[in-house]
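K.L.:
Just passing along the structure, written as structure tokens.
The values are calculated or read from the model by the stated rules, or taken from the named source; none is laboratory data. These figures come from a predicted structure and were not determined experimentally. Because the Cβ atoms are built from the backbone with ideal geometry, glycine has one as well, and the counts that use them run over all protein chains shown.
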Amino acid sequence: MVKRAQSALEYMMTYGWAILIIVIVAAVLYSMGIFNPSSSVTTSSSGFSPFTVSAALCNSSGTWVSFVVGGYPNGAQSATSVTLTLTATSGASGSGTATAIGSPTYTSGTSFKMTAAGVTCATAGGKFSESGSIGYSVTTTLGAQSYTTTGTVAGSAS
């Protein structure tokens, strides 16, 4: 019994410091957010179909969002009258309607940018989240149709 206790004590003395250091390093890395995958994501979005957010930027001048167009409903080839309305949910303030930069007609597979001057972020490096809706019109074989899609966009303020 004495040999077992002595063996266990020698084991703890030999490897205890190494185990303690590993636990401390893991705790420090966890507190820094290293194990949080969302801390390395610069832009994320959900919704807005058939538009996909490819980039988002928010600063004291406003919010810029880049979109890539997917397939339109009912076989439509292009959209016009695209408007984006954004409302700040966290890390940003304000709300407003975004204006398109570039062509007024958006075909499937193209990309375009929109800017909303009324939605701003004051803290550089902080995270922001905004919700919104996109209204757009398409022409199909059934005639002109209008659609609205909703979604959220999040990222790091600059």
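K.L.:
Just wondering, is there one or more residues in segment 93-106 that are in contact with a Pro (Cβ under 9 Å, 6 or more places away or on another chain) and aliphatic (A, V, I, L, M)?
P.N.:
No, because not a single residue in segment 93-106 is in contact with a Pro (Cβ under 9 Å, 6 or more places away or on another chain) and aliphatic (A, V, I, L, M).
K.L.:
If you check VAL119, VAL153, which single one turns out to be touching a residue at least 60 places away in the same chain (Cβ under 8 Å), farther than 14 Å from THR43 by Cβ and not basic (Lys, Arg)?
P.N.:
When all the criteria are applied, what remains is VAL119.
K.L.:
Now a separate question. Among the numbered criteria (1) under 16 Å from VAL53 (Cβ atoms); (2) touching a Lys or Arg at 6+ places or on another chain (Cβ under 8 Å), which one does GLU130 miss?
P.N.:
Condition not satisfied by GLU130: (2).
K.L.:
With respect to THR110, determine if the residue is over 14 Å from the mean Cα position of the chain (by Cα), modelled with pLDDT under 85 and of a type outside the set (A, V, I, L, M, F, W, C).
P.N.:
Yes.
K.L.:
Against the conditions (1) part of a strand (DSSP E or B); (2) more than 18 Å from SER45 (Cα to Cα); (3) within 18 Å of the chain's Cα centre (by Cα), where does SER146 fall short? Just the number, please.
P.N.:
Every listed condition holds for SER146 apart from (3).
K.L.:
Name the pairs whose Cβ atoms lie under 8 Å apart, with the first residue in segment 83-98 and assigned by TED's automatic domain parsing to the domain that holds GLY47, the second surrounded by fewer than 15 Cβ atoms within 10 Å (Cβ to Cβ) and of a type in the set (A, V, I, L, M), and 6 or more positions between them or separate chains?
P.N.:
Between residues of segment 83-98 that are assigned by TED's automatic domain parsing to the domain that holds GLY47 and residues that are surrounded by fewer than 15 Cβ atoms within 10 Å (Cβ to Cβ) and of a type in the set (A, V, I, L, M), the close pairs are SER93/ALA122; GLY96/ALA117.
K.L.:
Out of the residues in segment 116-135 that are at pLDDT below 85, assigned to a strand (DSSP E or B) and not aliphatic (A, V, I, L, M), state the one that is farthest from the chain's Cα centre (by Cα).
P.N.:
Restricting to residues being at pLDDT below 85, assigned to a strand (DSSP E or B) and not aliphatic (A, V, I, L, M), the top hit is THR120.
K.L.:
Now for a different question. Which residues, taken from segment 66-99, are hydrophobic (A, V, I, L, M, F, W, C) and farther than 14 Å from SER137 by Cα?
P.N.:
Listed by number, the residues that qualify are PHE67, VAL68, LEU86, ALA88, ALA92, ALA98.
K.L.:
Identify, please: which residue in segment 132-144 is over 20 Å from SER61 (Cβ atoms), touching a residue at least 24 places away in the same chain (Cβ under 8 Å) and not hydrophobic (A, V, I, L, M, F, W, C) and is, among those, surrounded by the fewest Cβ atoms within 10 Å (Cβ to Cβ)?
P.N.:
THR141
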